[in-house]
Ligand SMILES: *Cc1c(COP(=O)(O)O)cnc(C)c1O
């Protein structure tokens, strides 16, 4: 089955049963909206957006099977049937025996950081993710990026840019001592690097190294199915394995994982911790009642747990993941025709525009990616987000971090948009690219303390 379907196009393995109208607006109207939103796409009203590529987080279309599951919600405070069904599916698909539900991914990150980190510890990881790193830092750790150098180069064609650089990791262990490393934090595909996967071979090497030094290896498994897909397509020895088999093998190397169910599981809300570590499990099951709710619902309704359990069964189906990644490849290939500068290889959940190349005349201090995301919205109502200097935030001394990658992310919600929507987005970005010389940067006029990209406001420079 797999060999044959690899040759098929990415055509959607579903048809549309219900539609949600979206509003077409004028350029003048969008100019007004953008200004009112402080040129931050996070602050736009969703109803003023035509094609929403802000994020794939919780924006997925559920299947009829998942919607039917909502009606089967057992809303008991304790011991809901849906909880046990979900737990069984977590064991079945991730192969980890213990499970604690949370309302979304960052709640799981918060608890794992609290449990595993002592102030003064270090957490090495492959690049970083915004909420993950913040929770690690709030728990008192210093985050250290140990991803391979290629990940910071948007033009490198390395097939596994999410890999950990073993030398960087071992150097850190030798420098600070293994007992100062709370755990190694590995994500895949790496969102901030452009949705880039790690290879199974690299994971095995990282596993051996952490085992040698008796350091725990933890997984941000939010996008694990996409990583499994890339391993199947790119790594020797995996072409004939199913997504489910590869996923299970990935998880077999980790002590535990945290997951935002709002991505792979194709639901609108949810998250969890899954682990083989009984001690961590017991602490998490205890902490969850403080922050989220009883350990059998974790801040979610019974119906949400049911939709997650059913989403798990759908996410490992090859046709679902190949059509998702097929949409993204199609988008990238169309943009290439207009010579729009992109991050390569195309990622698992999004196409990233290289704003440094797109707007070489706008200095990083004037927020090229933030500016570009606002310009694209004004042009066509297509909404993306900044992944550059605004997202990177400030370091512990309060200085701006200057990331090498200054990107606009255009992310695909699962099963939501059609090929003609993608074509509209392509035409708009091509138009903005043609007019790029007219674009000037912006200055930040309001900056929140935490995760500033969500709520910061900007003004155009004259
Ligand atoms: C979305 C995401 C998170 C955070 O999860 P939320 O559900 O948004 O709280 C953590 N890690 C990765 C890789 C993510 O994509």
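Every number here is computed from the coordinates shown, using simple stated rules; none is lab data. Computed from a prediction, not measured in an experiment: that's the story for all the values here. Every residue, glycine as well, gets a Cβ built from its backbone with ideal geometry; the counts of neighbours run over all protein chains shown.
A few notes on this one:
- Highest average first, the peptides 450-457, 368-375, 308-315, 140-147 ordered by how many other beta carbon atoms sit within 10 Å of their residues are 368-375, 308-315, 140-147, 450-457.
- Estimated purely from DSSP H runs of n ≥ 4, each contributing -39500 (n - 2.57), the mean residue ellipticity at 222 nm for the chain is -12500 deg cm²/dmol once divided by its residues.
- Sorted largest first, extent of the stretch 315-374 alpha carbons per principal axis (Å): 44, 24, 19
- Fraction of C-alpha pairs exceeding 26 angstrom in the stretch 64-315: 37 percent, rounded to a whole number.
- A straight chain from residue 420 to residue 233 at 0.36 nm per residue would run longer than the Cα-Cα distance by 64.7 nm.
- Both radii come from the Cα set of the chain: Rg as radius of gyration, Rh as Kirkwood radius; their ratio Rg/Rh reads 0.95.
- Note on residue 138 and residue 437: their simple-model spin labels are 4.7 nm apart, each label 7 Å out from Cα toward Cβ.
- Gain upon complete extension [residue 278, residue 84; 0.36 nm per residue less C-alpha separation]: 68.0 nm
- Computed over the stretch 250-338, the convex hull of the alpha-carbon atoms projects to a mean area of 7.8 nm².
- The stretch 156-299 - percent relative contact order, Cα under 8 Å, separation 6 or more: 19 percent
- Percent antiparallel among DSSP beta bridges (both partners in the chain, rounded to 5): 65 percent
- Peptides ranked, highest mean first, by Cβ atoms within 10 Å: ranges 13-19, 31-37, 388-394, 83-89: 388-394, 83-89, 31-37, 13-19
- When each of the peptides 422-428, 257-263, 208-214 is scored by the mean number of other C-beta atoms lying within 10 Å of its residues, the order from highest to lowest reads 257-263, 422-428, 208-214.
- Modelled label positions at residue 402 and residue 23, each set 7 Å beyond Cα in the direction of Cβ, lie 4.1 nm from each other.
- The fewest-to-most ranking of 340, 24 by surrounding Cβ atoms within 10 Å reads 24, 340.
- The ranking of 22, 181 from fewest to most other beta carbons within 10 Å of each one's beta carbon is 22, 181.
- Residue exposure proxy: 171, 240, ordered by other Cβ atoms within 10 angstrom of their Cβ from fewest to most, comes out as 240, 171.
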